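*Asks:* Next up is a structure, given as structure tokens.
Where a number appears in this text, it was derived from the coordinates with a stated rule and is not lab data. For clarity, every value in this text was computed on a predicted model and none was experimentally measured. With ideal geometry, Cβ positions are generated from the backbone for all residues, glycine too; neighbour counts draw on all protein chains shown.
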Amino acid sequence: MRKIMLSLLTIVIIAQVSAQSLEVKPDPNTPYLKDKNLPAFTLNLIDGREVTNKTIPKFKYTCIIFFSPDCSHCETEAATINKYKDKLKNVLFIWDSYRDMIAIQAFAAKYDLVSQPNVLIGRDPSYAIPTFFRPKMTPFVALYKNNQLVKVYEKGADIFDLIKIIESK
């Protein structure tokens, strides 16, 4: 009986590890695969302001991050971006969540996103961003250069890859 339980436990652990390492493939009908332009959206910011894709500040790069405040991978993403923020000053980060504004505000405060001039964080009330990207998990990251899609990270950005793209001429 003990051997059977040990075997079952081993199978469960192997299945869990394998599932976490599987590559996430986007749905072939996902809009961003056909339209490489920055999507149309309205974002209600945590300070009460509203911005759209037409009114966001102009930066060479725009990085859209669809996240959940209670997602541990999203917390890691925020901490990592903060750690390298000096290398990312020419990137506008747009953090969008579907969660309630109080949770988004707490996340922004925890990771000091509010004080950064190149960060917008809030809620997309029409759900335009997730409809355009159809993320399967959070954080989902899309990097744009001059409003044209450069790269999508289905399972969060590799910060060193992101910096390499941004620093390339």
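*Asks:* Conditions first: (1) more than 22 Å from residue 167 (Cβ to Cβ); (2) buried (at least 17 other Cβ atoms within 10 Å of the Cβ); (3) hydrophobic (A, V, I, L, M, F, W, C). Residue 78 passes all but one, so which condition is the exception?
*Replies:* Going through (1) more than 22 Å from residue 167 (Cβ to Cβ); (2) buried (at least 17 other Cβ atoms within 10 Å of the Cβ); (3) hydrophobic (A, V, I, L, M, F, W, C) one by one, residue 78 breaks only (1).
*Asks:* Then there's this: Could you list all residues from the stretch 90-105 that are without any contact (Cβ under 8 Å) to a residue 40 or more places away in the chain and surrounded by 13 or more Cβ atoms within 10 Å (Cβ to Cβ)?
*Replies:* Answer for the stretch 90-105, where residues must be without any contact (Cβ under 8 Å) to a residue 40 or more places away in the chain and surrounded by 13 or more Cβ atoms within 10 Å (Cβ to Cβ): 92, 93, 95, 97, 98, 99, 103.
*Asks:* Moving on. Can you confirm whether residue 155 is of a type in the set (Lys, Arg), under 26 Å from residue 33 (Cβ atoms) and touching a strand residue (DSSP E or B) at 6+ places or on another chain (Cβ under 9 Å)?
*Replies:* yes
*Asks:* Find the residue count for the stretch 100-124, including only residues that are out of contact with any strand residue (DSSP E or B) (no Cβ under 6 Å at 6 or more places or on another chain) and either part of a strand (DSSP E or B) or within 28 Å of residue 28 (Cα to Cα) (or both).
*Replies:* Summing the residues that are out of contact with any strand residue (DSSP E or B) (no Cβ under 6 Å at 6 or more places or on another chain) and either part of a strand (DSSP E or B) or within 28 Å of residue 28 (Cα to Cα) (or both) in the stretch 100-124 gives 0.
*Asks:* Turning to a different aspect of this structure: Mind counting the residues in the stretch 131-158 that are more than 10 Å from the chain's Cα centre (by Cα), touching a residue at least 60 places away in the same chain (Cβ under 8 Å), closer than 19 Å to residue 68 by Cα and surrounded by fewer than 17 Cβ atoms within 10 Å (Cβ to Cβ)?
*Replies:* 3
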